[in-house]
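Read through the structure below, which is laid out as structure tokens, and then see the notes.
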Amino acid sequence: AGVITTGGRWPDGSECKGGGNVLIWSSEDVADDTLVPRLIASGADLARCHFIEGIAQDGESVPFDPSQDIPHLRRAVDAIGGVSLLLVDPIVSAVAGDMHRANDVRRSLQAVVDFADAHGCAVIGITHFAKGGAGKAPQDRVIGSQAFGALARMVLVTAKEESSNRRVMARAKSNIAPDDGGVAYSLELATIAGGIEATHAVWAGAIEGTAREILGDVEHDDSEGGGERLDAEQFLRDLLADGPLPTRQIKADADGAGYSWATVRRAQKALGVSAIKGGMKEGWTWRL
């Protein structure tokens, strides 16, 4: 929202071409106390940020229900002069019926899809992972029916590294762009006017790998022994001793040596091995 309302730069450094208005509906956080300070800390243009709170019904304002009232947003969009992004938190609130049933999810979210199509805007629906899913395919860990992930054009997943402030965001699925890679970031406190402290994202550069590999780096598997990690570190140190190697070759050698890729990725981090992208059409290489 901060980038879109100001025409700034995306986390990968690319320029946002054409800014616009943002509509936000959240049942998780209060706008004045939480969301507005976060938007300010993120550099957003508040004049372009609009919060959905209620709709007019029989001369009175009633709470907005995403599962029923998405079509009513069209009047608001006309009034503010168009919209570039609709944020719905959580997206399960837009489902009228059982969020675990694919037909209910698809039927309910069709109103959201139609809204996006009619106004040429993006929609971000926020949700959570189901508990106890670490190690599974990230898209399959999304709570509720798999229809949430199937209907989305892109699924972005995030996780926090244990014992640090580092976080990662990775592409678990994409029908409109590459379906791997991600960015690292941290959440930092900023003091805004009035002495209010609010969090905002500080982006720390692109990272390589599939979503499963990227999440595996930060969601540690307690079953992995310390000896195996040390062996993987020595394996990686020996492999890169003579210079950089393509990631695909390292994967093949690690598989041949019997090391899981998650273990090798943790060894990469422990040794401070750099991952470098050669170019738009070239792959990644690792070097000590």
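Per the Kirkwood formula applied to alpha carbons, the stretch 153-198 shows a radius of gyration over Rh ratio, Rg over Rh, of 1.18. Distance between the modelled labels on residue 27 and residue 187, one decimal in nanometres: 2.1 nm (7 Å Cα→Cβ projection). The smallest convex shape that holds all Cα atoms of the stretch 123-264, its convex hull, gives 167 Å³ per residue.
The shape of the stretch 15-99 can be summarised by an equivalent ellipsoid whose semi-axes, obtained from the alpha carbon gyration tensor, come to 22, 16, 14 Å from longest to shortest. Expressed as a rounded percentage, what relative contact order does the stretch 121-183 have, with Cα pairs under 8 Å and six or more residues apart? The normalised contact order for the stretch 121-183 reaches 22 percent. Label-to-label distance, residue 176 versus residue 117, with points set 7 angstrom from Cα along the beta-carbon direction: 1.4 nm. Across the options 130, 2, 244, the greatest Cα extent toward the positive end of the charge dipole of the chain (unit charges at beta carbon of Lys, Arg, Asp, Glu) belongs to 244.
A Förster radius of 35 Å combined with the Cβ-Cβ distance from residue 242 to residue 162 puts the calculated FRET efficiency at roughly 0.60. Size check on the stretch 64-210: the Cα extents along the three principal axes, sorted descending, read 44, 43, 27 Å. Peptides 141-150, 183-192 ranked from most to least packed, by the mean per-residue count of other Cβ atoms within 10 Å: 141-150, 183-192. Taking the Cα centre of the stretch 1-103 as reference, the dipole from Cβ charges on Lys and Arg (+1) and Asp and Glu (-1) amounts to some 480 debye.
Potential lengthening of the chain between residue 231 and residue 282 amounts to 15.4 nm, from the contour at 0.36 nm per residue minus the alpha-carbon distance.
Pairs exceeding 29 Å between alpha-carbon atoms, taken from 131/277; 17/251; 160/277: 131/277; 17/251. Of the residues 171, 229, 265, the one that moves most in a GNM of the chain with alpha-carbon contacts below 10 Å is 229. Phi angles across the stretch 168-173 convert, under the Karplus curve 6.51 cos²θ - 1.76 cosθ + 1.60 with θ = phi - 60°, into 3J(HN,Hα) values of 10, 10, 10, 8, 8, 7 Hz, Gly and Pro given as x.
In this Cβ point-charge picture (+1 for Lys and Arg, -1 for Asp and Glu), the chain has a dipole of about 760 debye about its Cα centre. The coefficient of translational diffusion for the chain, derived via Stokes-Einstein from the alpha carbon Kirkwood radius under 10 °C and 1.306 mPa s, stands at 75 µm²/s.
Given a cut-off of under 8 Å on Cα pairs at least six residues apart, what relative contact order in percent is computed for the chain?
Relative contact order for the chain comes out at 12 percent.
Between the listed residues 71, 120, 83, the Cα displaced farthest toward the positive end of the dipole of the stretch 11-158, a dipole computed from Cβ unit charges relative to the Cα centre, is found at 120. Once the Cα atoms are used to define both axes, helix 247-257 deviates from the longest principal axis of the chain by about 60 degrees.
Find the relative contact order for the stretch 24-143 and round it to a whole percent, using C-alpha pairs within less than 8 Å whose residues are 6+ positions apart.
So the answer I get is 23 percent.
For the stretch 141-214, the Cβ-based charge dipole about the Cα centre amounts to some 280 debye (Lys, Arg positive; Asp, Glu negative; other atoms uncharged).
Values in this text are rule-based calculations from the coordinates and carry no lab data. Quick caveat: nothing in here was measured; it's all calculated off a predicted structure. Backbone-built Cβ (ideal geometry, glycine too); neighbour counts: all protein chains shown.
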